[in-house]
1. Say we look at region 3-43 and pick out the residues that are in contact (Cβ under 8 Å) with a residue 60 or more places away in the chain and of a type in the set (S, T, N, Q); which of these is farthest from the ligand (Cβ to nearest atom)?
2. Considering region 311-322 alone, what residues qualify as being under 25 Å from residue 36 (Cβ atoms) and surrounded by fewer than 23 Cβ atoms within 10 Å (Cβ to Cβ)?
3. Go through the residues of region 199-215 one by one and say whether even a single one is within 13 Å of the ligand (Cβ to nearest atom), within 16 Å of residue 330 (Cα to Cα) and not in a helix (DSSP H, G or I).
4. Might you let me know whether region 207-230 holds any residue that is surrounded by fewer than 16 Cβ atoms within 10 Å (Cβ to Cβ) and under 25 Å from residue 52 (Cα atoms)?
5. Could you check region 231-243 and list, in sequence order, the residues that are surrounded by fewer than 19 Cβ atoms within 10 Å (Cβ to Cβ) and within 8 Å of the ligand (Cβ to nearest atom)?
6. Scanning for something modelled with pLDDT under 95 and assigned to a helix (DSSP H, G or I), does region 229-243 turn up at least one residue?
7. Considering only residues that are hydrophobic (A, V, I, L, M, F, W, C) and either farther than 17 Å from residue 63 by Cα or in contact with a Cys (Cβ under 8 Å, 6 or more places away or on another chain) (or both), which ones fall in region 158-193?
Amino acid sequence: MTYIPNPSRYKNMPYRRCGKSGLMLPAVSLGLWHNFGAIDNLENARAILKLAFDSGITHFDLANNYGPPAGSAEETFGKIFKDDFKNYRDELIISTKAGWGMWDGPYGDWGSKKYLVASLDQSLKRMGLDYVDIFYHHRPDPETPLEETMGALDLIVRQGKALYVGISSYSASETEAAISVLNRLGTPCLIHQPKYSMFDRWVEGGLLDVLGDNGVGCIPFSPLAQGLLTNKYLKGIPEGSRAASHRGNGAIEEDAITDDKIAKVIKLNDLALKRGQNLAQMALSWILKDDRITSVLIGVSKPEQVTDSIKCLENISFSKEELEIINAILE
Ligand SMILES: NC(=O)c1ccc[n+]([C@@H]2O[C@H](COP(=O)([O-])OP(=O)(O)OC[C@H]3O[C@@H](n4cnc5c(N)ncnc54)[C@H](OP(=O)(O)O)[C@@H]3O)[C@@H](O)[C@H]2O)c1
């Protein structure tokens, strides 16, 4: 059956300007790292993407290595895009990345021009797209000159294979250097994608200042610490959860669900309830309270989690006292 998106899809989602660029992103974006691989259920993936778009989520984030197996999330997305979204290409911001190990030999990893250009060509084929909206270098490469990696991003934009470029997991000083090389080349850095959640606050130690000062957007990943910052693990590890699934490829494992973490989660959950939210919603609101954040990048295993998580938008302000309580819990 032909998919007809919800005509009211733009009514409730706020769109935030990405740094000082012309691009607006939804306050909540959807990532396809897990639950979209060849091992996952295609119809569940389709239902998630449709519900997200129906809810005003215009940005879908991928990478060459998402799956498993690597590449298969882009293939899944390509199938669903062809069936359901091809008439809506101009309403979508689709990103992909390269930087982690993807194929054998010296040209399928890190940050050479050879790897980045070839990898994006492969990604475009898997997704059946002519171009992506954002192409990221996925992690810093200590060996390749920054000029070469940023030069590859600039080349890709000039070739028309990406509209904008970004970087992921670069430190504050690496980010400053990358921004400066990209400015020199004439292809500004649109956005940075760092890991950021209540349990991992490294970006507060300088990166957010660099991004704010330079007018570069920020889209934090794993804002729920892969599910830990929800009420799901309060009574053990439920079947079907990411921690129980042993998916590999960086997915949370049982040993990350420690007593210390759960003690904090219980206290955070109490505060969330007092704010009229559940913990997942409060954890997302907490990220969005900072106006240097463009969008928060969620992952979901089922459509209901999209509905649940975007309710974070109903309350993204925190009192000074609430922030102090959160800081005390996280100490
Ligand atoms: N740049 C990078 O290096 C990098 C690295 C990692 C991720 N990312 C990007 O960031 C995206 C998000 O990362 P993530 O998936 O780790 O994000 P996350 O939001 O921290 O974790 C997602 C998981 O949390 C659980 N969840 C989500 N909403 C929930 C809700 N409302 N109630 C209860 N549980 C809920 C689900 O776990 P269950 O599966 O257990 O239901 C879901 O799979 C990825 O898809 C990817 O696009 C980028």
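1. Going through the qualifying residues, I end up with 21.
2. Of everything in region 311-322, those that are under 25 Å from residue 36 (Cβ atoms) and surrounded by fewer than 23 Cβ atoms within 10 Å (Cβ to Cβ) turn out to be 311, 313.
3. yes
4. No, region 207-230 has no match at all.
5. 231, 238, 240, 241 - these are the residues of region 231-243 that are surrounded by fewer than 19 Cβ atoms within 10 Å (Cβ to Cβ) and within 8 Å of the ligand (Cβ to nearest atom).
6. yes
7. 165, 167, 172, 177, 178, 179, 181, 182, 185, 189, 190, 191 - these are the residues of region 158-193 that are hydrophobic (A, V, I, L, M, F, W, C) and either farther than 17 Å from residue 63 by Cα or in contact with a Cys (Cβ under 8 Å, 6 or more places away or on another chain) (or both).
Conditions tested, residue by residue: (1) assigned to a helix (DSSP H, G or I); (2) within 16 Å of the ligand (Cβ to nearest atom); (3) modelled with pLDDT of 95 or more; (4) crowded, with 22+ Cβ neighbours inside 10 Å.
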| position | (1), (2), (3), (4) |
| --- | --- |
| 142 | no, no, yes, no |
| 151 | yes, no, yes, no |
| 154 | yes, no, yes, no |
| 174 | yes, yes, yes, no |
| 177 | yes, no, yes, no |
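The values are calculated or read from the model by the stated rules, or taken from the named source; none is laboratory data. As the structure is a prediction and not an experimental result, all values here were calculated from the model. Neighbour counts run over all protein chains shown; Cβ positions are idealised from the backbone, glycine included.
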